Amino acid sequence: GGEMAGGGDSGGGGGMHNMHMHGMPVAFEWGHRVTLYFESWATDTHFEYLVALLFMFTLCVMQEGLYYLRTLPPKVRAQTTEEIEGVTAPILPAPYKTPVMRRRLWGTVLYALNLCSSYLIMLAVMTCNGGVFLTVVLGLSVGHFLGKSRRPIATGMGESSEACCIEGQ
């Protein structure tokens, strides 16, 4: 089936060669049997498979939501002229400041959750199950539509998630 093999040895002596040859599927499987993350999360029925796909869809939408929340620009506190000219003037220019510890911790927690969900999604795609793959693409796309696509974009900026790849820079 479309299960991700973890350590099944086919009698060829094991090792890297055997795992490379027999451990991972090399083509998409389209059946309803898939193992996600743990042996106990194997789907044997169409209902279990549907529940697994709904879980993956939700995880992917949440992944994009976490990314959206994590990358929201911080509210910039307006500074008075006295602060800028006085002894308390920041080292960084006015629109920049070092985030407070609470915001840094919150950002780190969101980053860790984002990282965990990214790796869980990657592991699910590695099962090479076609339904899981399509569900991941659909879930990430819906999450993008609900989150990041709502952000205003500057005119003249390209549609790229990488700052180095934005047209005009």
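The values are calculated or read from the model by the stated rules, or taken from the named source; none is laboratory data. Small disclaimer: the values here were computed from a predicted structure and weren't measured. With ideal geometry, Cβ positions are generated from the backbone for all residues, glycine too; neighbour counts draw on all protein chains shown. Only protein heavy atoms, including side chains, enter the accessible area calculation; ligands, DNA and RNA are left aside. Shrake-Rupley method; radii C 1.70, N 1.55, O 1.52, S 1.80 Å.
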Mind listing whichever residues of the stretch 108-126 are farther than 17 Å from Glu64 by Cβ, part of a helix (DSSP H, G or I) and touching a residue at least 12 places away in the same chain (Cβ under 8 Å)? Leu123
Condition test on Gly2, is it in a loop (DSSP other than H, G, I, E, B), at pLDDT below 50 and under 24 Å from Ser141 (Cβ atoms)? yes
Is it the case that the stretch 46-65 has a residue that's farther than 22 Å from Ala27 by Cα, open to solvent by 60 Å² or more (accessible area, probe 1.4 Å), hydroxyl-bearing (Ser, Thr, Tyr) and modelled with pLDDT under 95? no
Does Gly147 count as at pLDDT 95 or above and surrounded by 11 or more Cβ atoms within 10 Å (Cβ to Cβ)? no
Leading residue by the ranking (nearest to Thr58 (Cα to Cα)) among those in the stretch 74-97 that are open to solvent by 100 Å² or more (accessible area, probe 1.4 Å) and at pLDDT 55 or above: Lys75
